[in-house]
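Below: one structure, written as structure tokens.
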Amino acid sequence: MAIEEYVGSIVLEIDSRELECTDLKVTSKTGRKLVKTMNKTGRAKGFARGIAEYQLAATVVIPLDGDLDWEGMEGVKITQYPLSGSGGKRTTYMDCFTTDVGAQYSTDNEAKRDITFQCLRVVEE
């Protein structure tokens, strides 16, 4: 039986510039909503389709030589792919813009920046 390889660490790029990312959380909302109706069964009977939403929450380290203009980002392309060169999917998030920007400082770790993006399109390669 062969040993399976799984996706481990990833590489994160914004407009083809590699970032030092410590954490990435991707959330997709389908836009579907439960439709409740009054009927004798006393339960919902279906759903309505809506607008899908894509959100990325990234944590990056803050470099000494200057930070990006996170608050001014609009229309950027964010690409995420596995660190190992032996395969895996490459996912690109198109037309992204920032909605939240924050910072973390602690005595034990490096300074970090938390950025939340909304994305209009997702392409899996």
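Since every read-out is calculated from the coordinates, none of them should be taken as a lab result. What you see is a predicted model; the values in this text were computed from it and never measured. Virtual Cβ from ideal backbone geometry, glycine too; neighbours counted across all protein chains shown.
Some notes on this structure:
- Considering only Tyr81, Tyr93, Tyr105, the mean-square fluctuation computed in a Gaussian network model of the chain, springs between alpha carbons under 10 angstrom, is largest for Tyr105.
- Model label zone, Ile51; criterion: amide N under 20 Å from point 7 Å along Cα-to-beta-carbon; scope the stretch 88-109: 93-100
- Signed unit charges on C-beta, dipole axis of the stretch 1-54, positive-most listed residue Tyr54, Val7, Gly31: Gly31
- Where the alpha-carbon atoms of the stretch 11-82 are placed on the principal axes, they occupy 66, 23, 19 Å, in descending order.
- Cross-link partners of Lys25 among lysines (Cα-Cα below 18 Å; sequence separation of 8 or more within a chain): Lys77, Lys89, Lys112
- Gained length - Val123 relative to Glu13, 0.36 nm times residue gap less alpha-carbon distance: 38.2 nm
- For the chain, the equivalent ellipsoid derived from the Cα gyration tensor has semi-axes of 34, 21, 15 Å, listed largest first.
- Listed residues Glu74, Glu13, Glu110, most fluctuating in the chain (Gaussian network, C-alpha, under 10 Å): Glu110
- Computed FRET value (nearest 0.05) for Val61 with Tyr6, which takes r as the C-beta separation and R₀ as 35 Å: 0.90
- Global form of the stretch 54-117, assessed from the alpha-carbon gyration tensor, a/c cut-off 1.5: oblate
- Among Gly31, Gly66, Gly102, residue whose mean-square fluctuation peaks in a GNM of the chain (springs only between Cα atoms under 10 Å): Gly66
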